[in-house]
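Undergrad: I have a structure here, written as structure tokens, and I will follow up with some questions on it.
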Amino acid sequence: MKLIITIDTEEDSWNRYSPTNNSVQNIDRVVHLQELFDEFGVRPTYLVTYPVASNPEAVEILKRILEQGRCEIGTHCHPWNTPPLGHEDPVSKPDTMLCNLDKDLVQDKLFHLHQTIQQNLGLTPVSFRAGRFGFGPAVAQALSKLKYRVDSSVTPFVSWTDHYGPDFTEFYPEAFRFSAQGLAHRDEKGELLEVPVTIGFLQQNFAASRQRLQLLEGSLPRRIHLAGILERMRLLNLAWLSPENSEARDMIRLAQVMQKKNHPFLNLTFHSTSLKTGSGTFVNSNTDEKAFFKKLRIFLEHAQRAGWRSLTLAELEDSLQSNLSTSASMQTNMNQHAENTTALNDFPDINGRMQWFRDMLPKGIKLKLKRNSQNLWSTSQYSALKRKHALPAVRHILFVCKGNICRSPFAEHALRALFPGNNLRIESCGLHVDQQVPSPPEAVQAAKKFGIDLSQNTSRSIFSCDLNGADLIVAMEYNQLQRLGILYPEHMRKAVLLREFAPFPHNMVCNIYDPYGLGQDEFYRCFGLMEKALKGLMARIRVDSE
């Protein structure tokens, strides 16, 4: 097992989001921290922000440690105080997430920070973490241009959508390579290695635990505090490998679970602001500060006894470069596949309980039974995840389905007919589109009944759509939202399901299934349901006329 320690080395005063006057007094405490690391033979990775990299006193402290070979220096971008700066003070909450900024601005900020670190600290950084974990495709492209090798922005099982950031709930704490197109584009030969923060469950089956946690986040379980009860009973515990979020015993227990699951590394993380009382959120008294260092020492003592090897982020990339397909990693993937299978089978399955009876049924009835059971399960998951706040004012809506030949193009044209003569931009695309394909005759004929012409429609891939510009992304099935979460986690805060807006009782379940290949009547039924839902959506949204 390899131990990586990554420290977000940053300015004082959390939650200010101010472009200027950012003090860095907490960096003085790095000297004491490094002494603790030296005692246990640990070489950490300090990921530094612009206020730190541009402060002479902070630079002197970090440069001395670096020149003695006791650490690695990487990059940590807080967009609100990294030049070029805007004029807003404080910066708006959405703009504190790097993934929400224009691609050119992201590139300019990362280039400026990268150059500042080179000039002041005398090295070329190759490891990175986005401030507030706001990683997106534009960040990946900028890192690729600057020849970075490692990112550590993913927080498995955690969503930042309530903070205008990405949704990482579908990610697991395992390393993977990806291309400059973003986290969704995994590639064994990709130029970037993702090393997620170690976040996991104290229970062995991560997949089942994740699904249960999502269910417990629904309104009813939240009201009866069921998640808190299960946590206190040690039946469902999501833990961070961090002395800020976890007790020492839980950090050790999580590390042991990861080791049993054959994960090759641990990535322990915290903020430099936790080193000094009052600099951040987690340490607010001298007692808190002492407890923080005590938890860190207890964990390092355990790591030393366990014989775990300390590496920096760049050293881990070197270690894993030829290893991501080795037996250990293959075993991790096999274990994860087994977990996913168990998780899927860990809940009632209408179709699998009475196989003998199902085999006797006509194909159409079997399909309906399967879809009904899937719809109930998807609805419970979606109910746990969806947000209760009002929809934003919109200028651009993007409809998404599987192939962009039936449901999403119907939604696009039907909503355009409901909103004639305005500035609302409406598009549609498919998640699984390899080439342009026309809508099938059944879809064209059924759409005519609703006054919609699909005869000129050809499918369009989501990769050619402007997701950054979309204010609202509307999918047809819950599994499509899951796919969106993997492809574009930074956009999940604005993604919803269309059926949510249908009138009662049609909104009791969440999926609008694909009618393709099921006959003309199924197309009529599907489009009729979609029309009802679109009218509900129209009543809920407010078109931004600017």
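Undergrad: Looking at LEU487, is it touching a helix residue (DSSP H, G or I) at 6+ places or on another chain (Cβ under 9 Å), within 27 Å of PHE178 (Cβ to Cβ) and either hydrophobic (A, V, I, L, M, F, W, C) or crowded, with 23+ Cβ neighbours inside 10 Å (or both)?
TA: Values: touching a helix residue (DSSP H, G or I) at 6+ places or on another chain (Cβ under 9 Å): yes; within 27 Å of PHE178 (Cβ to Cβ): yes; either hydrophobic (A, V, I, L, M, F, W, C) or crowded, with 23+ Cβ neighbours inside 10 Å (or both): yes.
So LEU487 fits the description; yes.
Undergrad: From ASP453, ASP466, grab the single residue that is assigned to a loop (DSSP other than H, G, I, E, B), open to solvent by 40 Å² or more (accessible area, probe 1.4 Å) and under 15 Å from VAL400 (Cα atoms).
TA: Values: ASP453 fails: under 15 Å from VAL400 (Cα atoms).
It is ASP466.
Listed here are the residues, each with its yes/no results for (1) surrounded by 23 or more Cβ atoms within 10 Å (Cβ to Cβ); (2) farther than 22 Å from PRO56 by Cβ; (3) among the acidic types (Asp, Glu).
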{"site": "HIS78", "(1), (2), (3)": "yes, no, no"}
{"site": "LEU85", "(1), (2), (3)": "no, no, no"}
{"site": "GLU88", "(1), (2), (3)": "no, yes, yes"}
{"site": "MET97", "(1), (2), (3)": "yes, yes, no"}
{"site": "LYS103", "(1), (2), (3)": "no, yes, no"}
{"site": "THR116", "(1), (2), (3)": "no, no, no"}
{"site": "GLY122", "(1), (2), (3)": "no, no, no"}
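Undergrad: Any residue in the stretch 519-542 that is open to solvent by 10 Å² or more (accessible area, probe 1.4 Å) and touching a strand residue (DSSP E or B) at 6+ places or on another chain (Cβ under 7 Å)?
TA: Within the stretch 519-542, one or more residues are open to solvent by 10 Å² or more (accessible area, probe 1.4 Å) and touching a strand residue (DSSP E or B) at 6+ places or on another chain (Cβ under 7 Å).
Undergrad: Related question: Name every residue in the stretch 93-138 that is hydroxyl-bearing (Ser, Thr, Tyr) and free of Cβ contacts under 8 Å to residues at least 24 places away in the same chain, in order of residue number.
TA: Taking the stretch 93-138 as the starting set, the residues that turn out to be hydroxyl-bearing (Ser, Thr, Tyr) are 96, 116, 124, 127.
Residue satisfying the conditions is THR124 alone.
Undergrad: If a residue has to be assigned to a helix (DSSP H, G or I), touching a helix residue (DSSP H, G or I) at 6+ places or on another chain (Cβ under 9 Å) and either modelled with pLDDT of 95 or more or open to solvent by less than 50 Å² (accessible area, probe 1.4 Å) (or both) to count, how many in the stretch 276-295 make the cut?
TA: Keep residues of the stretch 276-295 that are assigned to a helix (DSSP H, G or I), which gives 286-295.
Going one step further and asking which of them are touching a helix residue (DSSP H, G or I) at 6+ places or on another chain (Cβ under 9 Å), we end up with 288-289, 292-295.
With either modelled with pLDDT of 95 or more or open to solvent by less than 50 Å² (accessible area, probe 1.4 Å) (or both) added as a condition, the list becomes 289, 292-295.
Result for the stretch 276-295: 5.
Undergrad: Just to verify a result, which residue in the stretch 243-265, among those that are surrounded by 23 or more Cβ atoms within 10 Å (Cβ to Cβ) and outside any helix (DSSP H, G or I), is nearest to the chain's Cα centre (by Cα)?
TA: The initial filter retains those residues of the stretch 243-265 that are surrounded by 23 or more Cβ atoms within 10 Å (Cβ to Cβ), namely 243, 251, 254-255, 263.
Those left that are additionally outside any helix (DSSP H, G or I): 243, 263.
Working: PRO243: 22, HIS263: 20 Å.
The selected residue is HIS263.
Undergrad: Let me ask something else. When you go through THR269, THR273 one by one, which is the residue that is of a type in the set (Val, Ile, Thr), under 27 Å from the mean Cα position of the chain (by Cα), within 25 Å of GLU72 (Cα to Cα) and in a strand (DSSP E or B)?
TA: Numbers: THR273 fails: in a strand (DSSP E or B).
From the options THR269, THR273, the qualifying one is THR269.
Undergrad: May I ask you to list the residues in the stretch 397-406 that are assigned to a strand (DSSP E or B) and either closer than 20 Å to ASP514 by Cβ or open to solvent by 10 Å² or more (accessible area, probe 1.4 Å) (or both)? Outline the logic, then answer.
TA: First, pick out the residues of the stretch 397-406 that are assigned to a strand (DSSP E or B): 397-401.
Once the filter is applied, which keeps residues that are assigned to a strand (DSSP E or B) and either closer than 20 Å to ASP514 by Cβ or open to solvent by 10 Å² or more (accessible area, probe 1.4 Å) (or both), the stretch 397-406 yields LEU398, PHE399, VAL400, CYS401.
Undergrad: Still on this structure, I have one more. Which one is nearest to the chain's Cα centre (by Cα) among residues in the stretch 429-450 that are farther than 15 Å from MET530 by Cβ and part of a loop (DSSP other than H, G, I, E, B)?
TA: LEU431
Undergrad: For the stretch 45-82, which residues satisfy the criterion of being over 14 Å from GLU11 (Cβ atoms), not basic (Lys, Arg) and not in a helix (DSSP H, G or I)?
TA: THR45, GLN68, GLY69, CYS71, GLU72, ILE73, GLY74, THR75, listed by residue number.
A quick yes/no check of all residues on (1) modelled with pLDDT of 95 or more; (2) farther than 20 Å from LEU537 by Cα; (3) buried (at least 16 other Cβ atoms within 10 Å of the Cβ); (4) touching a Lys or Arg at 6+ places or on another chain (Cβ under 9 Å):
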{"position": "ASN375", "(1), (2), (3), (4)": "no, yes, yes, no"}
{"position": "TYR382", "(1), (2), (3), (4)": "no, no, yes, no"}
{"position": "ALA390", "(1), (2), (3), (4)": "no, no, no, yes"}
{"position": "ASN423", "(1), (2), (3), (4)": "no, no, no, yes"}
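The values are calculated or read from the model by the stated rules, or taken from the named source; none is laboratory data. Computed from a prediction, not measured in an experiment: that's the story for all the values here. A quick note on method: Cβ atoms are made from the backbone with ideal geometry, for glycine too, and the neighbour counts reach across all protein chains shown. Please note that ligands, DNA and RNA were not included when accessible areas were found on the heavy atoms of the full protein model with its side chains. Shrake-Rupley method; radii C 1.70, N 1.55, O 1.52, S 1.80 Å.
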